[in-house]
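Participant: A single structure is presented below for examination.
Each reported figure results from applying straightforward, stated rules to the coordinates on display, with no laboratory input. This structure is a prediction, so every number in the text was calculated from the model and none was measured. Counting neighbours? That spans all protein chains shown, and the Cβs are built from the backbone with ideal geometry, glycine included.
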Amino acid sequence: MKKMSRTRLIVSLAVVLLLYLGAWWAEAAMGTNSMLITIIKKGAVYALIAVSMNLLNGFTGLFSLGQAGFMLVGAYVYAVFTIPLKRHAAVYQYYNGGIIQFELPLLVALVLAGVVAAALAALVGLPVLRLKSDYLAIATLGFAEIIRAVVQWDSLGPITNGSNLLKTYPTFSSPNIKIFGTTVLFPLIVSGVCIGLIMLIINSTYGRAFKAIRDDEVAAEAMGINLFHHKELAFVISCFFAGIGGALLAMFQGTVQANSFKSAMTYDILLMVVIGGMGSISGSVIASFLYIACSEWWLRFLDNEMFIGSFQVPFLRSGFRMVVFSIVIMVMVLFFRKGIMGDRELWNLRLPRKKAKGRDKQ
């Protein structure tokens with residue numbers, strides 16, 4: 001078994017390396033602004049966020065809807081602490097240049113985005129995680145809306161710029177972020193490392209405790225697992241990576257504004273988790289790229305009017321893309337309730353083997 005596990009690990013890493021090389025070649029051949037590269041970058045960001053949400057909802061069994069709020073925190077922390085000093089006067093023009101008069105290195109700001117989101121999650125989790133099921137979902141959703149309102153509070157304007165945009169911070173296109181001259185490798189590498197860390201956590205003793213809580217809280221507590229401690233730990237870890245995901249999303253968008261982090265964003269991420277499979281990391285990653293590709297690229301033609309001769313194809317107009325996309329999602333949820341992968345992983349799939357003739361005779 002050890003040899004098999006080592007072989008699977010080597011093969012998995014080789015496949016990931018090939019995918020990274022493919023993304024690098026695609027950007028070199030097609031250009032930074034091509035739709036494929038845009039989808040890969042956005043898909044990488046959402047893959048990390050979906051996996052972080054799956055850690056909480058799928059592996060621990062906690063129905064949380066506050067992901068957008070922690071993404072907002074991560075995005076704002078990253079943006080606020082990486083805006084160049086010479087640009088503060090222009091960005092904070094309504095607040096006399098703001099009160100933060102220093103900037104942090106990019107990677108430090110990324111980690112800080114996750115740390116602040118995790119610290120806030122630790123405070124929020126103290127009262128909220130004593131709730132269960134729908135009550136927990138409502139409480140975390142309410143927290144996300146409160147955070148969005150607080151960030152836009154005018155009294156915090158010298159820090160958050162109020163309801164105005166934060167901009168001019170480093171993005172994927174910044175010269176100091178490009179890896180081998182490409183903009184696509186940075187989000188892929190950061191997301192890959194973070195997802196790898198989540199995998200290690202899930203396969204550790206803490207991860208087994210999370211799964212035990214998901215399966216049966218009473219039995220888990222009887223086995224000596226501290227329910228609240230492990231729920232709080234899962235919540236904090238999930239929000240840490242959600243904060244980093246929010247920072248990456250800010251880098252992808254180029255600007256940050258609180259109004260873009262609405263509850264609809266959490267629902268999109270939850271759909272990715274459900275479509276990929278609750279309790280499957282690879283399922284969340286696959287579903288994230290498919291979701292982004294369908295919603296942003298493959299179904300775009302449905303928003304354009306189409307004529308066959310003088311006959312106008314009915315329904316094809318602006319907004320029809322989302323109608324079809326919603327129907328596809330409904331079909332997925334109704335007929336594939338366990339999602340694409342269920343609770344399995346790509347590297348654990350086994351090909352069907354032929355039975356030995358001797359066994360068939362018996």
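Participant: Where the centre of each part is set by its Cα atoms, how far does the range 126-140 sit from the range 157-217, in angstrom?
Facilitator: What the calculation gives is 24 Å, centre to centre.
Participant: Moving on. Determine ³J(HN,Hα), in whole Hz, for all residues of the range 23-37 in sequence, where each value follows from phi through the Karplus function 6.51 cos²θ - 1.76 cosθ + 1.60 and θ = phi - 60°; x replaces Gly and Pro.
Facilitator: Working through the residues one at a time gives 5, 4, 5, 4, 5, 5, 7, 9, x, 5, 8, 5, 5, 4, 5 Hz.
Participant: Right, here's the next one. Mind putting a number on the dipole of the range 138-251 about its Cα centre? Charges go on the C-beta only, +1 for Lys and Arg and -1 for Asp and Glu, and I need it in Debye to the nearest 20.
Facilitator: Here the size comes out at about 440 debye.
Participant: At 7 Å along Cα-to-Cβ for each site, give me the label-to-label distance between Ile10 and Trp298 in nm.
Facilitator: 3.4 nm
Participant: With N set to the residue count of the range 79-128, report its C-alpha Rg divided by 2.2 N^0.38 Å to two decimal places.
Facilitator: Cα Rg divided by the expected 2.2 N^0.38 Å: 1.45.
Participant: Ranked highest first by average number of other Cβ atoms within 10 Å, how do 147-158, 187-198 line up?
Facilitator: The most tightly packed comes first, giving 187-198, 147-158.
Participant: If you don't mind, another one. Taking the radius of gyration and the Kirkwood hydrodynamic radius from Cα positions alone, what is the Rg/Rh ratio for the range 161-227, to two decimal places?
Facilitator: My calculation puts Rg/Rh at 1.30.
Participant: Tally Lys/Arg at +1 and Asp/Glu at -1 over every other residue whose Cβ is under 13 Å from the Cβ of Ala287; what's the total?
Facilitator: Net of charged neighbours comes to 0.
Participant: How large is the charge dipole for the chain, taken about the Cα centre, if only the Cβ atoms of Lys, Arg (+1) and Asp, Glu (-1) carry charge, to the nearest 20 debye?
Facilitator: Magnitude of the dipole: close to 1600 debye.
Participant: Ok, one more. Whole-Hz Karplus ³J(HN,Hα) for the range 102-117, in order, using 6.51 cos²θ - 1.76 cosθ + 1.60 and θ = phi - 60°, x for Gly and Pro?
Facilitator: Whole-Hz 3J(HN,Hα) from phi for the range 102-117: 7, 9, 9, x, 4, 5, 5, 5, 4, 5, 4, 4, x, 5, 5, 4.
Participant: So what is Rg over Rh here for the range 1-113, counting just Cα atoms and using Kirkwood for Rh?
Facilitator: 1.10
Participant: Right, here's the next one. Across 10 Å bins from 0, what is the distribution of all Cα-Cα pair distances for the chain, in whole percents?
Facilitator: Once binned at 10 Å, the Cα pair distances of the chain give 5, 22, 30, 25, 13, 4, 1, 0, 0.
Participant: Also: Towards the positive end of the charge dipole of the chain, with charges on Cβ (+1 Lys, Arg; -1 Asp, Glu), say which of Met265, Phe228, Ala119 has the farthest Cα.
Facilitator: Phe228
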